[in-house]
Amino acid sequence: MGSAPLLTVLCALSSSTVRLGSYLFLRWIPGHVFPTVIFTAYGIYASLFAILYLGKPSYEIVASSSRISILRPADHDAETTSKQIRTDGGATEDKPTAIEATETTVYRKRQPHPLKHLLWGTPSVSGKLSLATFAINTLLAIATWDLTFRTTYFYTSNDLSFARVGHVGPDSAKLLLREPDPTHYPLSVWYSHDKLPTIDLRLVDTIPGPSEETDFTKTLTLHHLTPETRYRWYTSSNHSGTFTTAPRENEVPSGGGFTFLTTSCIKANFPYDLTRHPLAVKGFRDLSAWVERLEARFMLFLGDFIYIDVPRRPGFDKESYRQQYRQIYASPDWPSVGANLPWIHVIDDHEISNDWSSNTTGVYPAAMDPFNIYQHSVNPPPVRPAGDPYYTFDYGSAASFFMLDTRTYRSPVHLPDGPEKTMLGERQKADLLRWLSQGSGWKIIASSVPFTKNWRVNGRDTWGGYLHERQELLEQMWEIGGGRVIILSGDRHEFAATAFPPPPDSGYSIASTVHEFSCSPLNQFFVPIRTYKQLDNEDLLIKYVPDGNRKFGAITVDTTNKEQDVLKYRLVVDGNEKWSWVLTAPRVAEERFRKEKGNGK
């Protein structure tokens, strides 16, 4: 009994660890350390709970008293008189014949304390109350197991059958098809004008059957399409969807503009909800409600499409990575955004490993296998013929895009900043600088990590750890003039809009200011601690929106104004528009840029 108070304290502490850890893990951050802590604490808790419950008395002492009586012999009662005879023959003396001791203890049945036991998780004399408080911790441990392991072992998605559209140009479109069921072979793909689905049906190809080498996928290209035309595609495996082709090169969109979407970071069923499908992505549902309303042409996804190491890495081989991609595409919410919205992708760290900066070593080959299969194969054409995972494409004359690879070539983050430290590598940086010096219209750069240095937590993983190279790029961006360079980024699970004006004494016009819109996650955690902070006049805060588990940006490029181009950014958080911003670029600056480049200046 003496150890019971100590065991009760330990039971309460282990219970609190289970509850607090589960709350943080299931609601805020699905970090890989939490399952180990929660399962260990639960094991300790269950053992102590059983010991305390089985050894807990049903009654408690409320009062105790004792009385001692000394009884002496009466003079007239010979039978009760005792004499003690001294051995030396002396006189005798009377002695007491008895001592009477009485102890009285009052017990009462222990009363349960519902609030205390439910709060601390300790056992009660009430069986129902003990069962209830034990059940709370057991359910939390089960939920932790569910989020950590269920998709790995019970939703491998090997039977996934789906199709999606990737990059769409003015006269072609790329289609990715997966079908592992041989009873559906051979596979056929058709397309038609959306308004004439049965009259103008054209066969793209018939495929004998995809192989395991490509995870039962096949990439097809639809050729000979008409610019700015809506098409519908079909597969013999019962998939269909639509897309709209881009304008011709050097032509503005016929409608006077176009809209595309951007975001990053997906973790299925987070925050955790036991009632939802384990592969549910609520962010997809938010997105689907806006796609038709905005008439969005494509999604520019900025990395962390999978989280291979959150909360638990299933393995280091290519099949472990492939499974992660299959699970996202197997989400019951994917068809709502995958059928009628082309997706193009850049890669970030969680497609490889957290904060990756080890180039092509280690798990990189295994990680790139499914990225190449599911994303790279239907992305825009790579800049280099070798197929390096960075890309460029134009949307008529309205905008030109450069999709960076910020992981493959970067120097290790721990190195000191300087001329030798690089995020892009020499070849990619040279290609980016060349791209910046050519063409006109909006120059939109997709970077998986933020360009600003204002994110102070783990800032070395962003461009804040590569400031020397960043400055070189900024000077080229300011050189363009007109404020036409826009950077889109993700990664931080927050939103921030930042301006990068040229220094006052640099000789560049303030109109050359570069702007960044960093937006994420589409479906992941956000941290209630504020991590973005402006400390100087180099990176100027425009807007900061940290809260929200589901965020995406909608960018509309408007070319209807003859004097200036207009770009509007709209931020959608948890399904609702929260903020918008409009940028303009004068056509005069654009025409001057064209003439100077044409004259070789």
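The values are calculated or read from the model by the stated rules, or taken from the named source; none is laboratory data. Every value quoted in this text rests on a predicted model; they were computed, and no experiment measured them. Virtual Cβ from ideal backbone geometry, glycine too; neighbours counted across all protein chains shown. All accessible areas refer to the heavy atoms of the entire protein, side chains included, with ligands and DNA or RNA removed. Shrake-Rupley method; radii C 1.70, N 1.55, O 1.52, S 1.80 Å.
For the reader, a short list of remarks on this structure follows.
- A 1.4 Å probe run over the protein chains yields, for the chain, 46 Å² of accessible area per residue, whole-number rounding.
- With Cα atoms as the point set, the stretch 253-599 shows a radius of gyration and Dmax of 19.3, 65 Å.
- Computed log₁₀ I(q)/I(0) - Debye formula, equal Cα scatterers, no solvent, the stretch 410-491, q 0.27 Å⁻¹: -1.48
- In this structure, the pairs whose alpha-carbon distance is over 29 Å, taken from K174/K267; K267/K453; K429/K578; K282/K578; K174/K421; K453/K578, are K429/K578; K174/K421.
- With θ taken as phi - 60° and the Karplus curve 6.51 cos²θ - 1.76 cosθ + 1.60 applied, the whole-hertz 3J(HN,Hα) list for the stretch 384-396 is 9, x, 5, x, 4, x, 9, 9, 9, 7, 10, 10, x Hz, x standing for glycine and proline.
- Relative to the compact-globule estimate of 2.2 N^0.38 Å, the Cα radius of gyration of the stretch 223-350 comes out at 1.21.
- Helical mean residue ellipticity (222 nm; -39500 (n - 2.57) per DSSP H run of 4+; nearest 500) of the chain: -8000 deg cm²/dmol
- Order by protection proxy (mean Cβ within 10 Å, highest first), peptides 500-510, 514-524: 514-524, 500-510
- Order by protection proxy (mean Cβ within 10 Å, highest first), peptides 304-310, 226-232, 4-10, 39-45: 304-310, 39-45, 226-232, 4-10
- Ligands, DNA and RNA left out, the 1.4 Å accessible surface of the chain is 55% carbon and sulfur atoms.
- Taking Cβ atoms as reference points and 15 Å as the exclusive limit, the residues near P35 contribute a net charge of +4, counting Lys and Arg as +1 and Asp and Glu as -1.
- Mean Cβ neighbour count within 10 Å, used as a protection proxy, ranking 329-335, 354-360 highest first: 329-335, 354-360
- Treating each Cα of the chain as one equal point scatterer and applying the Debye formula with no solvent, the log10 of I(q)/I(0) at q = 0.07, 0.10, 0.12 Å⁻¹ comes out as -0.52, -0.92, -1.20.
- Helices assigned as whole DSSP H runs in the chain whose Cα atoms extend at least 18 Å along their own long axis and whose mean Kyte-Doolittle hydropathy is 1.6 or higher are found at 33-54.
- Chain lengthening between L119 and L6 when straightened (0.36 nm per residue, less Cα-Cα): 38.9 nm
- Counting only Cβ charges, +1 for Lys and Arg and -1 for Asp and Glu, the dipole size of the stretch 159-245 around its Cα centre is about 340 debye.
- Isotropic mean projected area of the C-alpha convex hull, the stretch 151-261 (nm²): 9.0 nm²
- Other residues with beta-carbon under 14 Å from the beta-carbon of S172 carry, at +1 per Lys or Arg and -1 per Asp or Glu, a net charge of -2.
- Length added when fully stretched, N458-Y153, from 0.36 nm per residue minus Cα-Cα: 106.5 nm
- Net length gained if the chain between T214 and S580 were fully extended (0.36 nm per residue, minus Cα distance): 127.6 nm
- Around the Cα centre of the chain, unit charges on the Cβ atoms of Lys, Arg, Asp and Glu (plus for the first two, minus for the last two) sum to a dipole of about 880 debye.
- Aspartates and glutamates whose Cα lies under 16 Å from that of K443, excluding same-chain neighbours fewer than 8 positions away: E249, E251, D394, D431, E475, E479, E516, D558, D565, E590, E591
- For the stretch 346-454: Kirkwood Rh in Å [reciprocal of mean 1/r, alpha carbons]: 14.9 Å
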